[in-house]
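Reading through the structure tokens given below for one structure.
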Amino acid sequence: MIEISKAFEGGKKAFVGFITAGDPTLADTKRYLEIMQDSGVDIIEVGIPFSDPIAEGPVIQNADVRALSGGVNLGAIFEMVEGIQKKVPFLFMTYANPVYFYGYARFFARCRQAGVSGVIIPDIPFEESGEVKEVALNYGITVIDMVAPTSEERIKKVCADSQGFIYLVSSMGVTGMRQKFDADISSVYARIREVTDTPVCVGFGISTPVQAGEMASKCNGAIMGSAIVKIIEQYGSKADEPLRSFLTEVAAAVHAV
Amino acid sequence: MNDMSKKGRFGQFGGQYVPETLMHAIEELEAAYKKYSADGQFNAELEYLLDEYAGRPSRLYFAKNLTERVGGCKIYLKREDLNHTGAHKINNALGQALLAKKMGKTRLIAETGAGQHGVATATAAALLGMECEIYMGEEDTKRQALNVYRMKLLGAKVHPVTSGTATLKDAVNECMREWTNRVSDTHYCLGSVMGPHPFPTMVRDFQAVISKEARGQILKKEGKLPSAVVACVGGGSNAIGAFYHFIGDKSVRLIGCEAAGRGVDTFETAATIATGKPGIFHGMFSLFCQDSHGQIAPVYSISAGLDYPGVGPEHAYLHDIDRAEYVPVTDDEAVDAFELLSKTEGIIPAIESAHAVAYAVKVAREFKKEDNIIVCLSGRGDKDVAAIARYRGSDIYD
């Protein structure tokens, strides 16, 4: 597996990109993930679909529905990801139940085997993360911590032992494209910096290269999900070229900062 | 997993599994509940509303005709169906609405299955002058069309939820998403003893009035404790309310009746304790109906109020330590009980409550004639009449 820190080497701004595994098929996902790492995406988030993704807006909810109705499951996702020659760090993004159900130790052992560096599990907040972090650590897998615009006093404890990067949620609500962002990113970033040197990437609602560049300029990277998934929603199995050109453009905007 | 010493846990069950975006709101609620639940004035105000507005205390009625028909022990009905709005849901809705008001919130959101909790929340919002938006699975808006209109009449906005299975669990998802979106002026008035801490404890406390009254009433009428307390369990709020003050009385059997739908050996069931496995969902570690990959399974019951793939963490705990027993009751059995109670006592029960009546009729025969059992009649059945008519083959719509 590739260390997450590699994405931030030399003060580089990171472009973090997300797609849902199995949308529309696992074979497509494998090809799209390879396109992502060849188009300037610095950290790749592979979404493991869940029946009830409560932190997601409609775009990723629908991607989960497409993937699950295609019959995708965790075992097949691990195999697909394992088959990719990784050039950048890979993360899984999913919900607590599929991981708990699979078994924490079994899940993180498979992550390690598949060359996956870390996980993002939005419905396991800091207070409940002790057990999962302990098991993940045994297998050298990083659990990414999240900070919200309302975290305020919580930042101190949430970020104290953070690893990999901190996922700063730009706005209240769920994932999906937006015009405006709630959080004063610069001031939250400064607050996090009082606690830790772990890189900070901003996500939720970033949909254009310009927004990605602006967000990355205020911290260490920009996370994009729904806008990429939207392209797959539109083009299905024929999204290769539209994805390549969009991702290249976003990467250029982030890296120009 | 974690133990009882951890916050918001019932044994290993419970916890606070919500996104960081909600943690602030949850902590704020927890602090406010801690403060006001110990506040004499808050409790006096709530008691006033429960008594003068909702009609408490509810009666503990000796169902003589049903008892004679069954031929077992005495069957008492705790008449939550006689509360204002026709169900136990108002106990919790008034409690949370009053708390939210004290917290300076001006807007309530809530999920609803059968519509009873939506109606109760819309009622509390109207009474306390708050905005109200209800999320209801599209499937359920069709099954319970009259309740949708009722909520609108009370000034609430009703959002049909089309995501996922378009039933109760999806309505909860949508509420959590909406709450994340707007926490500053909004309280999520969760309708059952589920979700992240402090909801399972807070909702239980607001519903515990059921057993507090019932325990005193039965001692006065019979001079002894009941042999069993029987209640239906979806998320489990009327059941925990009916059990709570009897938990320490080891001689009292606590029996929760789950909706088995077409049977626990079919996929068309909502009996979580009978068929579910431990998992993490909707903010809690508890038992859930799920498939072989940890995806939450679609569930089915004739009752929209029991049509939920999980169960409150305190029930999972009471089951774990063998303090309460949980039994599946099928659609057929519930409909038979719905008709039986209507004909013998002139009381039309909610189809949810009919699940408890169905099992009570069976278990009453296990006890002596001089013994008694209490059935929590959690709601009235007017809302179900058209659906039961259709179940029996009449083409009636409400």
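The values are calculated or read from the model by the stated rules, or taken from the named source; none is laboratory data. What you see is a predicted model; the values in this text were computed from it and never measured. Cβ placement follows ideal geometry from the backbone for every residue including glycine, while neighbour counts extend to all protein chains displayed.
Of the helices (runs of 4 or more DSSP H) entirely within region B:177-290, those holding at least 2 residues that are over 27 Å from B:T165 (Cβ atoms) occupy B:199-207, B:209-222, B:237-243. Taken as a whole, region B:53-75 holds no residue that is assigned to a helix (DSSP H, G or I) and within 14 Å of another protein chain (Cβ to nearest Cβ).
Residue check: A:E152 meets all listed conditions (1) at positive phi; (2) under 14 Å from the mean Cα position of the chain (by Cα) but one, namely (2). Considering only residues in region B:1-52 that are of a type in the set (G, A, S) and surrounded by 15 or more Cβ atoms within 10 Å (Cβ to Cβ), the one that is farthest from the other protein chains (Cβ to nearest Cβ) turns out to be B:S37. Screening A:V147, A:V135, A:V72 for residues that are out of contact with any strand residue (DSSP E or B) (no Cβ under 7 Å at 6 or more places or on another chain), among the β-branched types (V, I, T) and buried (at least 21 other Cβ atoms within 10 Å of the Cβ) leaves exactly one candidate, A:V72. Taken across region B:112-119, residues that are surrounded by fewer than 19 Cβ atoms within 10 Å (Cβ to Cβ) and either out of contact with any helix residue (DSSP H, G or I) (no Cβ under 6 Å at 6 or more places or on another chain) or outside any strand (DSSP E or B) (or both) do not occur at all.
This table checks each residue for (1) closer than 26 Å to B:W179 by Cα; (2) surrounded by 22 or more Cβ atoms within 10 Å (Cβ to Cβ); (3) in contact with a His (Cβ under 9 Å, 6 or more places away or on another chain); (4) of a type in the set (F, W, Y).
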| position | (1), (2), (3), (4) |
| --- | --- |
| A:R154 | yes, no, yes, no |
| A:K157 | yes, no, no, no |
| A:A160 | no, no, no, no |
| A:V169 | yes, yes, no, no |
| A:R178 | yes, no, no, no |
| A:D182 | yes, no, no, no |
| A:D197 | no, no, no, no |
| A:I206 | yes, yes, no, no |
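Checked against (1) under 24 Å from B:A360 (Cα atoms); (2) touching a Lys or Arg at 6+ places or on another chain (Cβ under 9 Å); (3) crowded, with 16+ Cβ neighbours inside 10 Å, B:K89 passes all but a single condition, namely (2).
Here is a yes/no grid of residues against (1) more than 14 Å from chain A (Cβ to nearest Cβ); (2) modelled with pLDDT under 95:
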| position | (1), (2) |
| --- | --- |
| B:A214 | yes, no |
| B:I218 | yes, no |
| B:K221 | yes, no |
| B:S237 | yes, no |
| B:F267 | yes, yes |
| B:P298 | no, yes |
| B:P309 | no, no |
| B:G312 | yes, no |
| B:A324 | yes, no |
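Being under 23 Å from B:F288 (Cβ atoms), touching a Gly at 6+ places or on another chain (Cβ under 7 Å) and not β-branched (V, I, T) holds for only one residue in A:Y95, A:Y102, and it is A:Y102. For region B:373-390, the tally of residues that are in contact with a Leu (Cβ under 9 Å, 6 or more places away or on another chain) and surrounded by fewer than 24 Cβ atoms within 10 Å (Cβ to Cβ) stands at 4.
B:R150 falls short on exactly one of the conditions (1) in contact with a strand residue (DSSP E or B) (Cβ under 7 Å, 6 or more places away or on another chain); (2) basic (K, R); (3) more than 23 Å from B:A360 (Cα to Cα), and that condition is (1).
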